[in-house]
1. Using the alpha-carbon centroid of each, what span in Å lies between the range 237-282 and the range 71-129?
2. In Å, what Kirkwood hydrodynamic radius results for the range 178-328 from the alpha-carbon pair distances?
3. Ordered by residue, what ³J(HN,Hα) values in Hz, to whole numbers, does the range 49-63 give under the Karplus form 6.51 cos²θ - 1.76 cosθ + 1.60, where θ = phi - 60° and Gly and Pro are x?
4. Please list, in chain and number order, the residues 5+ apart from D77 or on another chain whose amide H is under 5 Å from its amide H, with Hs placed from the backbone.
5. Could you order peptides 102-111, 130-139 by the average number of other Cβ atoms within 10 Å of their residues, highest first?
6. What share of the DSSP beta bridges in the range 243-317 is antiparallel, in percent to the nearest 5?
7. Along the charge dipole of the range 210-274, which of C224, V268, H247 sits closest to the positive end, that is, farthest toward it, with unit charges on the beta carbon of Lys, Arg, Asp and Glu (+1, +1, -1, -1)?
8. In terms of modelled amide H atoms, which long-range or inter-chain residues lie less than 5 Å from the amide H of L42?
Amino acid sequence: MASQSGIVCSEELKTFFGSCRDGNIRMIKVSISDCTNPVLILDTHLEPVSSWEDDWDQMVTPQLDPDQPAFILYRLDEKDSSEGFLWILLSWSPDHAHTRQKMLYASTKATFKKEFGAGQIKDDYYFNLMEEITLAGYKRHLAVEAAPGPLSRQEEEMKEIKESESRVEISVDTKHNTLSALAFPFKSEALAAVSSYGAGVCDYVQLAIDTATEEVVLATSGACTTAQLAAQVPEESARYHLFRFKHNHQGDYKESDVFIYSMPGYSVPIKERMMYSSCRNAVVDVIEKTLNIPLEKKLEVDNGSELTEEYLQGELHPVVSLNRPKFSKPPGPSRGNKRITKAPA
């Protein structure tokens, strides 16, 4: 799920959008203001000089700040069936930008597209490196989108970000718990530990996020029983846990792979809470899709004391009641005692 920031276009920007559809504008740069109540504002706009391909490298790259996200609307020379020009939405989110800024732009994108007019946006291109925003980089993106077959790790992450943002509920009143736009890379030690878990070498892996480097790192791994699991959960910081739950159910021995997201609550700094909740789905995707470890259950807990044998059994094998009470038809309304309307002879 993905939440919306509630940031909308300024009145000046809305007015400008109404006057830029006739082909007199080639490029529009939009930013989020730094005021107390931030809004989307018009940063820069440029008029066309030549064809859209010839104008690209002269207009787009010079407008980008290497440390500040931004939205770029770039007009093509192509028109739709209603004779309106088509546009490309370029979402610039540099690696060196502050995490809060990246999350703010990601959670404002759907509203921005709606207010401009999503029907006139032909393509939506997310990028975080300068070499990706050149015309050659954009054409490579188009070739990858059109070509079948496997994608690289980086291309898969970019495609997932694009798909998740396209599924965002575009109402600014919609409230959700997490953002789905962040996917931090795994350190080699973390990938090796999860791979070892998948091979059956260990029964428990704990992953953490290094908030300074924005990477998923290994906290600990090794043998762990259900009785020992609660003690593994930190009380002052969030963690991701991969646990092999060995148990018996209805006389059969089972080993279930369980993913646990532990968040102690509001004692954890807000930046850490946002990072862990935003990256949870991406971590699960790496475990299930990249490393091919099917997760039988995904859980979220506040503290380790919740992770008992009974709790895990109940989550994996919920009790289904077979003795459901039948619906009883309620009695009809009372009409009172029957009255004698004719005197006896």
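1. Cα centroid to Cα centroid, the span is 34 Å.
2. On the way: mean 1/r = 0.0611 Å⁻¹.
Kirkwood hydrodynamic radius for the range 178-328: 16.4 Å.
3. Karplus-based 3J(HN,Hα) across the range 49-63 equals 10, 9, 6, 4, 5, 5, 6, 3, 5, 7, 10, 6, 4, x, 8 Hz.
4. W52
5. On the way: 102-111: 21.9, 130-139: 15.5.
Top of the packing list down: 102-111, 130-139.
6. Details: 7 of 12 bridges.
That works out to approximately 60 percent antiparallel.
7. H247
8. Answer set, sorted by chain and number: L13.
The values are calculated or read from the model by the stated rules, or taken from the named source; none is laboratory data. Owing to the predicted nature of the structure, the values given are computational and were not obtained by experimental measurement. FYI the Cβ positions are ideal-geometry reconstructions off the backbone, even for glycines, and counts take in every protein chain you see. All accessible areas refer to the heavy atoms of the entire protein, side chains included, with ligands and DNA or RNA removed. Shrake-Rupley method; radii C 1.70, N 1.55, O 1.52, S 1.80 Å.
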